[in-house]
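Written out below as structure tokens is the structure these notes cover.
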Amino acid sequence: VTDTIAGWGIWWGWVISSGIIGFAMGLIQKRVGFSVKHGTYNNRDISFFAIAGLIGIVIVIIFAGAFDIIVMGEPF
């Protein structure tokens with residue numbers, strides 16, 4: 001929404017990157033003992049959430065930069 005309102009156009013690399021990080025953080029829902037509805041979680045769930053988030057961030061940084069350079073034609 002911000003890209004469209006600002007008038008610069010949509011930067012698809014960053015839009016896709018937002019989806020990737022959302023997916024990585026959302027993987028916590030697949031943990032058996034984790035439940036937002038019931039408020040149940042343990043230390044392993046917290047560790048999983050943190051590690052999945054860090055891995056997602058690293059993937060997104062690499063992807064967004066590469067996408068901007070390769071597809072959008074930004075200078076390296």
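Is it true that Ile55 is within 23 Å of Ile70 (Cβ to Cβ) and at pLDDT 90 or above?
Spelling it out, Ile55 is indeed within 23 Å of Ile70 (Cβ to Cβ) and at pLDDT 90 or above.
Take the conditions at pLDDT 90 or above, loosely packed, with under 11 Cβ neighbours inside 10 Å and either in contact with a strand residue (DSSP E or B) (Cβ under 8 Å, 6 or more places away or on another chain) or of a type in the set (Gly, Ala, Ser) (or both) and apply them to Ser17. Does it pass?
The answer is no for Ser17.
Working only within the range 7-59, note down all residues that are of a type in the set (Val, Ile, Thr) and assigned to a helix (DSSP H, G or I).
Within the range 7-59, Val15, Ile16, Ile20, Ile21, Ile28, Ile46, Ile51, Ile55, Ile57, Val58, Ile59 meet the criteria.
Quick check, is Phe34 more than 19 Å from Ile10 (Cβ to Cβ) and touching an Asp or Glu at 6+ places or on another chain (Cβ under 8 Å)?
Judged against the criteria, Phe34 is a match.
When you check Phe63 against the structure, is it surrounded by 10 or more Cβ atoms within 10 Å (Cβ to Cβ), in a helix (DSSP H, G or I) and at pLDDT 95 or above, yes or no?
For Phe63, the condition - surrounded by 10 or more Cβ atoms within 10 Å (Cβ to Cβ), in a helix (DSSP H, G or I) and at pLDDT 95 or above - is met.
The values are calculated or read from the model by the stated rules, or taken from the named source; none is laboratory data. Since the model is a prediction, treat every value here as computed from it, not as a measurement. A quick note on method: Cβ atoms are made from the backbone with ideal geometry, for glycine too, and the neighbour counts reach across all protein chains shown.
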